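First comes the structure, then the notes that go with it.
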Amino acid sequence: MAQALLPAALTLPSAQASAARPGRAERGGAPRSGDAARTSACATRRSYVTSDRPQPVAALKPALHGVVLLLAGAWCSVAAETPVARDFSLASTVGFCQDGARPQTPGRPDHLKIFGSYCAAAAGDSAAGTAKTTSFPAPANLTLYLAGYPNGKDLRLMVENTVTGEKFGIVPLHVPGDSWQRCTFALPSGWRGQSIDLIAGGHSTAGHGWLAFSEPSQEPAANWGTRDALLLLVTAIVHFALLALPAMAACAFAAAKNIRNSVTLAGIALAAVAAVGYVGFWTYFLWPELGANYAADLAIGAAIVFYIQFRKLDTDARKALRSLILPALLTGAAALLVLSTGFLYEGVANPLETPARRFSHQLPPDNQIPFLFAEGLHQGHIPRPLLGDWLSSDRPPLQTGIVLSQYAFMGSKAWGYTVLSVILQSLWVLGAWSVLQSFQVDRRAAAVALGVTLFSGFIFINTFFVWPKLLAAAFLLALTAYLHEIERGRGKAGIGAGCLAGSLGAFSLLAHGGSAFGLLGLGLAVILVGRRWLTWRLVGVSALALVSIQIPWILYQKLLDPPGDRLLKMHLAGIDKPDPRPVFEALMTAYADVGFSGAVRNKVANFEPLYGYSVDYWSLWAKLLRSPGRRGTLAEQLRAAMFFAFLPALGLVGLGIVALAIGLNPKKRSAEWRAAARMWLLIACVDAVWALLMFGPGTTITHQGTYLTMVLAFVGGVLALWAVAPWVAWTLGGAQTILSLWLYFVVMREPVPNVTLVEGAAEVSIAVLAVGALGAVVAILGCMAYARNWFRGFYDADGTT
């Protein structure tokens with residue numbers, strides 16, 4: 001019934017999901033890619049495995065107008081390609097020749113010379129030999145056409161700096177095969193204008209054993225990429241609107257029931273997004289014929305409910321809803337910023353693969369698992385295993401369900417999935433805003449905290465690479481804020497509160513299993529500081545709600561795709577591979593093998609990745625800043641340290657832990673200090689639970705836990721620095737932001753010697769879109785910081801709305 005909202009001219013062609021075996025993304029060790037796998041086509045039978053203020057709008061107008069005008073005037077006018085050097089030829093050759101490509105290969109660049117190993121005098125595919133070209137001055141980016149099967153091993157193409165002797169491999173992301181493919185590779189920044197040449201080698205005697213390349217061409221005047229930018233912008237707007245509709249309807253309904261607390265409404269909005277996704281998952285699973293219409297029915301129904309309920313609201317209720325506008329806009333602008341910077345280098349055609357290599361080292365295909373699950377449900381057949389040796393029951397289904405709730409509005413499923421999932425990960429903004437709102441900190445401090453967190457490399461990596469860890473953190477952040485509201489007497493610890501708290505907890509688990517550490521740590525923190533307001537009714541109702549929501553998924557894991565406990569065994573017993581034993585038996589055996597002393601050593605070692613601040617981290621920064629010739633290698637090492645370890649990811653913001661000492665003077669305990677102290681207490685509780693439960697040793701690397709601690713550490717670190725003095729927070733937060741942007745953008749594409757070059761050229765229109773999104777983010781943060789009564793007016797004198 002529902003039709004795709006995207007114009008036909010903007011939709012991507014449908015693509016099958018390709019994925020590699022998951023690496024060590026859920027265990028200690030560097031993620032790695034593996035063997036490729038594709039989703040199977042649908043079988044013929046259905047089978048399953050057994051505020052009134054106009055400041056935000058006014059501030060955003062210039063940015064929006066600029067984006068529209070620049071995109072409208074950016075229709076592509078690429079200059080004709082010309083050779084980069086005169087008289088380019090082969091300086092030496094054995095087995096290579098000019099025009100050495102398979103005849104009638106489509107896409108041949110007739111305006112450029114071509115060279116290859118498919119020569120008439122040789123044996124075609126089975127040709128072997130080497131070749132070296134004449135030298136030419138190095139451009140900023142190396143652009144040439146490739147054909148055949150250059151794999152970097154037995155068929156390789158390299159670029160060599162004749163001055164330094166450094167070599168880099170040229171391996172396209174997608175093998176061109178029997179067609180020509182235009183490729184652009186980023187050369188080291190220090191090579192510009194130096195003499196370089198190309199070296200080719202063919203040592204394959206099997207079929208598909210040839211390669212060909214063109215002479216390098218001048219970079220075009222501009223690669224506008226207007227179609228890609230418009231596709232990105234329209235898709236993001238559509239999916240953000242569809243995601244907002246059920247949240248708006250739920251909040252309007254709650255406001256009509258006299259719920260006016262903005263923190264509570266934020267939690268309700270997040271719970272509504274999750275609930276409709278969870279219902280969508282089970283609808284597709286149990287009644288696929290209804291699932292096809294679910295997306296359209298949901299959007300229409302949510303719009304009707306919002307319209308009816310909103311008309312009933314009085315001025316105070318509408319004012320309460322308006323309090324969510326700024327954080328909602330910031331969520332959308334943050335998602336658009338990540339999307340536009342993520343797809344800046346011609347990655348739109350490969351939405352599932354681009355995120356795995358954009359902001360970090362090569363990551364495993366974990367970001368594709370929810371998509372493969374959604375495809376299986378949509379097609380009526382869930383592969384077993386789903387990907388590699390992972391079962392559908394090994395990963396929670398919430399992101400899959402939310403994606404399915406908008407499936408009918410997706411032209412290309414893979415593209416729509418990635419865009420929507422980035423928006424989902426960006427919901428951490430709403431959760432973090434709820435925490436700041438609950439503690440009622442200075443609005444300027446709140447804006448700085450959100451900005452520093454948003455512009456961290458941690459956020460860019462984990463928002464674009466859409467394993468649903470930040471989505472889970474959003475629910476935990478909202479739960480943290482809501483419990484603090486109850487503690488401060490701004491909410492009643494009744495049945496409704498228990499239902500909302502339990503739902504947020506359950507949805508965090510259904511987003512990512514690592515949320516269990518966050519829930520246990522949050523429970524410990526509540527016991528330590530909040531026993532006086534904790535009631536048995538609140539605990540009982542919350543637990544009942546959590547279990548009730550979890551039961552259907554537990555039944556799926558145990559009955560339909562057993563055993564569904566692989567991650568439990570991996571984290572708690574140190575068993576990496578699938579294991580048929582029950583969890584308790586595997587756990588007892590694992591601890592019996594290491595003994596009591598070994599278990600103690602493992603637990604102690606688990607604290608090292610959390611708080612072991614290596615001096616090498618800062619020495620790497622010093623070397624990077626003064627050694628431009630080694631930028632690629634040093635930047636890669638720094639990004640690895642910040643990916644795996646807790647304190648290096650925080651950088652200068654981590655000094656907030658030291659800044660907490662200012663609270664030793666009771667006169668210095670401002671609202672910001674109290675908020676930061678509570679956040680770091682919660683972080684300590686979660687980390688203690690995490691380190692003691694993980695089998696170890698040293699398995700508490702960042703991506704194996706809950707991202708609740710990371711977001712709170714950024715926010716709490718900035719607030720602690722603000723408690724010392726606002727200028728300290730501005731200075732250190734700003735410096736860390738500059739360092740992060742430099743590391744993850746400026747030197748992100750700096751090549752590492754003896755490895756392959758980074759492929760792709762920047763698209764001007766997407767860059768313009770990124771600048772517009774950046775302007776929107778800054779404008780919204782400015783409105784949050786300097787608009788009058790950002791916190792006042794939402795609360796009466798007694799603290800209620």
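The values are calculated or read from the model by the stated rules, or taken from the named source; none is laboratory data. Not measured: the values here are computed from a predicted model. Every residue, glycine as well, gets a Cβ built from its backbone with ideal geometry; the counts of neighbours run over all protein chains shown. Note: areas computed on protein heavy atoms with side chains; ligands, DNA, RNA excluded. Shrake-Rupley method; radii C 1.70, N 1.55, O 1.52, S 1.80 Å.
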At 7 Å along the Cα-to-beta-carbon direction for both V746 and R674, put a label point, then send me their distance in nm to one decimal.
4.1 nm
Solvent-accessible area per residue, Å², over segment 646-730 with all protein chains present [probe radius 1.4 Å]
32 Å²
Considering only protein heavy atoms, what per residue accessible area in square angstrom results for segment 322-476 with a 1.4 angstrom probe?
16 Å²
Could you tell me the accessible area of R674 in Å² (1.4 Å probe, neighbours in place), rounded to the nearest ten?
130 Å²
Once label points are set 7 Å from the Cα along Cα→Cβ at both Y617 and L286, what is their separation, rounded to one decimal in nm?
4.8 nm
How much accessible area per residue does segment 182-303 have, counting only protein heavy atoms and a probe of 1.4 Å, in square angstrom?
33 Å²
Viscosity 0.890 mPa s, temperature 25 °C: give me the Stokes-Einstein translational D for segment 260-355 in µm²/s, with Rh taken as the Kirkwood radius over C-alpha pairs.
149 µm²/s
With +1 assigned to the C-beta of every Lys and Arg and -1 to the C-beta of every Asp and Glu, and no other charges, what is the dipole magnitude of segment 513-651 about the Cα centre in debye, to the nearest 20?
460 debye
HN-Hα J in Hz across segment 685-696 - Karplus 6.51, -1.76, 1.60, θ = phi - 60°, x for Gly and Pro
5, 5, 5, 5, 4, 4, 5, 6, 7, 5, 5, x
Within segment 639-656, find all residues whose amide N lies under 19 Å from a label point positioned 7 Å from the Cα of D576 along Cα-to-beta-carbon.
644-645
When the dipole is taken about the Cα centre of the chain, and only Lys, Arg (+1) and Asp, Glu (-1) are charged at their Cβ, what size is it in debye, to the nearest 20?
2140 debye
Using a/c under 1.5 as the rounded threshold, could you call segment 276-429 rounded, prolate or oblate? The axes a ≥ b ≥ c are square roots of the C-alpha gyration tensor eigenvalues, and prolate needs a/b larger than b/c, oblate otherwise.
oblate
Please find the FRET efficiency linking A349 to L664, where r is the Cβ-Cβ separation and R0 is fixed at 60 Å, and quote it to the nearest 0.05.
0.60
With label points set 7 Å from each Cα along the Cα-to-Cβ direction at D110 and N754, the distance between them in nm comes to 4.5 nm
May I ask you to evaluate 6.51 cos²θ - 1.76 cosθ + 1.60, the Karplus curve with θ = phi - 60°, for each residue of segment 245-258 and list the ³J(HN,Hα) values in order in whole Hz, giving x for glycine and proline?
4, x, 5, 5, 4, 5, 5, 5, 4, 5, 5, 5, 8, 6
For the chain, calculated [θ]222 nm from helices alone, where every DSSP H run of n ≥ 4 adds -39500 (n - 2.57):
-16500 deg cm²/dmol
Scan (i) 28.0; (ii) 29.8; (iii) 28.8 for the value of Kirkwood radius over Cα pairs in Å calculated from this model and give just the label.
(i)
For segment 302-360 and segment 744-770, distance of Cα centres in Å
26 Å
Gyration tensor (alpha-carbon) shape descriptor, segment 604-697, a/c threshold 1.5:
oblate
Under 5 Å from the placed amide H of V758, counting only residues 5+ away or on other chains, we find A186
For the V771, W727 Cβ pair and Förster radius 25 Å, calculated FRET efficiency rounded to 0.05 is 0.35
Mind ranking V777, V175, V234 by accessible surface for me, highest first, 1.4 Å probe?
V175, V234, V777
Choose one of T418, F475, I259: the residue whose Cα lies farthest towards the positive end of the charge dipole of the chain (beta-carbon charges +1 Lys, Arg; -1 Asp, Glu; about the Cα centre).
I259
Probe 1.4 Å, all protein chains in place: accessible area of L625 in Å², nearest 10?
110 Å²
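Give the relative contact order (percent, whole number) for segment 590-735; include only Cα pairs under 8 Å separated by 6+ residues.
Answer for segment 590-735 is 34 percent.
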Report the full-extension gain for the segment R86 to K167: residue separation times 0.36 nm, less the Cα-Cα distance, to one decimal in nm.
26.9 nm
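What is the magnitude of the charge dipole of segment 660-801 about its Cα centre, with +1 placed on the Cβ of each Lys and Arg, -1 on the Cβ of each Asp and Glu, and no other charges, expressed in debye to the nearest 20?
600 debye
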Segment 388-416 and segment 517-587: distance between their alpha carbon centers, rounded to Å
23 Å
Residue-wise, which Karplus ³J(HN,Hα) couplings in Hz belong to segment 742-756, taking 6.51 cos²θ - 1.76 cosθ + 1.60, θ = phi - 60°, and x for glycine or proline?
5, 5, 9, 10, 5, 9, 5, 9, 6, x, 9, x, 6, 10, 7
Over segment 552-676, calculate the relative contact order: mean separation of alpha carbon pairs under 8 Å at least 6 apart, over the residue count, as a percent.
13 percent
Once you sort the root eigenvalues of the Cα gyration tensor of segment 631-678 as a ≥ b ≥ c, which label holds: rounded (a/c under 1.5), prolate (a/b larger than b/c) or oblate (the other case)?
prolate
Which of the lysines could a cross-linker span from K167 if the Cα-Cα distance has to be under 24 Å and same-chain partners fewer than 8 positions apart are dropped?
K113, K132, K153, K623
Whole-percent carbon and sulfur share, accessible surface of the chain, 1.4 Å:
62 percent
